[in-house]
Every structure is written in structure tokens, then in C-alpha cells.
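I have placed the structure first, in the form of C-alpha cells, so that the comments after it can refer back to it.
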Amino acid sequence: MTDALTNDYQKEQLAAYLLVRRHLRSLNSRDRSALQEAITPYLHFRRTLDRFLGRHLEAVCTAACYQDQRSACCSKDGIITFFADHVINALCSEADPLAALEARLQRANRTGKCVYLTPQGCCWTVRPLVCAMFLCDRSQATAFGESPEVIERWRAFELAAKRFRWPDRPVLFDALERIFIDAGHRSSLMYLHNSPGLLRVKQRAGLPLLSVGP
């Protein structure tokens, strides 16, 4: 049962989470395998990114985000998640982590931090892309220093992330939303089909538009 004191962010997140879980459970093995194959390049990107962040940022961000609460993201109710983030995380998670995530969304969040942030880090198996790519100026300056090589590699990660999410071309996040839309589902987190700004990006790129509501 959902706690009456959960906030609007938690309710929106829970609605998307439950929608994704229900639809994935309805898929046959062939269709689920097709989704797994579609996200394979993205998972390779995320593993490479996580190795980079672990090497250069983990100690810096743990102190700033969780211990000292200096982060503008992790000290809010929660970070922005795209609908595709939920799809990818559900495809990559075992039952127990998903149940724990659902339970967190159903309880009032009194931590003063992101609802998904635990003492062990983010409770997502594949945390949201916005979260993975958010590095404050202080963290970048501390971790990257004056190393042109490290800075150049981070810029390459930023460009690679856009190729999965920014719809100036066919991108994975758009395709995952469309799969669920075609199956009759709607979510307020389908930003690539809801956001006026992203719809303009698609229009300028000559991509088909399909604006949907929650």
C-alpha cells in the first residue's frame, strides 16, 4: 500500500515503473529478446562510462552528493528520469532490486535526498542517464584537474550520450517510448513525445512527430 505522504514525484515515478513492469510481463520471449538486443549498444556505453566515473569521480561525488549534501541533484526529491530509463532498468534488473525500488517509491521520503539514493549509492541497476551524466563544475575541476586527456574523454562521453537520447536523429530513447505508445501506453515521462522542446528538435531533423499525453 502506498503511503499517503508520498509526493507527486514519487507518484509519477511509480506510475511509470508499474506501467513498464506490466507491459514487460506481457511480452513473449521473442519480443523481450528484441528489446534486450536493442539496448545492447547502450549498455556497452554505460559500462564504459561507469568505469570512467569509478576511476575519476566516485570518491569526489560520494563526498559531495551523499555525505555533505552539496549536490543540487541528489539533495532534491529525485532526479529527472526518462521513460526509457525505466524500461532499460527493468530489463536489466532481477526481481528483488525492482521490488525494493517499488517499495521506496511507496514510502514517504524523509531523507532530504533523492528517493533513489541509499547509503550504498543509487538503487537502480542501470541508473538514469541524466544522473550518470551530471557532474557539477566543482566535481569536474577536482577530478579532471588540468588533464586534457581526461577532459577530452569526458566530452566524448557527453557526445555519445546525446546519440541515445537527443532526437536530432533516430535514437534509442525515442524508439523505446514509441514501442510502448504503439502498445497503447502513455506516461508523463515520455519526454521525447511530450516535450515541446524535444518535439521541435525532431521537427527540425525531419523526424515523424507523435505528441502524446499521459
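Answer yes or no: is there a residue in segment 172-182 that is under 30 Å from LEU18 (Cβ atoms) and of a type in the set (Phe, Trp, Tyr).
Yes, the conditions are met somewhere in segment 172-182.
Say whether the condition of being under 21 Å from ILE39 (Cβ atoms), more than 17 Å from the chain's Cα centre (by Cα) and of a type in the set (Lys, Arg) is met by at least one residue in segment 183-192.
No, there is no match, as no residue in segment 183-192 is under 21 Å from ILE39 (Cβ atoms), more than 17 Å from the chain's Cα centre (by Cα) and of a type in the set (Lys, Arg).
Give me the helices (runs of 4 or more DSSP H) completely within segment 125-214, filtered to those with at least 1 residues that are surrounded by fewer than 16 Cβ atoms within 10 Å (Cβ to Cβ) and without any contact (Cβ under 8 Å) to a residue 40 or more places away in the chain, ordered by residue number.
Because the criterion is at least 1 residues that are surrounded by fewer than 16 Cβ atoms within 10 Å (Cβ to Cβ) and without any contact (Cβ under 8 Å) to a residue 40 or more places away in the chain, the helices (runs of 4 or more DSSP H) in segment 125-214 that meet it are 137-144, 148-165, 172-182, 196-204.
Name every residue in segment 23-55 that is over 19 Å from the mean Cα position of the chain (by Cα) and either modelled with pLDDT of 95 or more or among the β-branched types (Val, Ile, Thr) (or both), in order of residue number.
ARG25, SER26, LEU27, ASN28, SER29, ARG30, ASP31, ARG32, SER33, ALA34
Do you know which residues across segment 172-212 are within 24 Å of LEU135 (Cα to Cα) and in contact with a Lys or Arg (Cβ under 6 Å, 6 or more places away or on another chain)?
PHE173
Can you tell me which residue is modelled with the highest pLDDT among those in segment 91-122 that are within 15 Å of the chain's Cα centre (by Cα) and crowded, with 21+ Cβ neighbours inside 10 Å?
LEU101
Can you run down the residue pairs with Cβ atoms below 8 Å, 6 or more apart or on separate chains, where the first is in segment 7-36 and closer than 16 Å to ILE179 by Cα and the partner is part of a loop (DSSP other than H, G, I, E, B) and acidic (Asp, Glu)?
That search, which allows pairs on different chains as well, returns nothing.
The values are calculated or read from the model by the stated rules, or taken from the named source; none is laboratory data. In this text the structure is predicted, and so the values were computed from the model without any measurement. Positions of Cβ are backbone-derived with ideal geometry, glycine not excepted, and every protein chain shown enters the neighbour counts.
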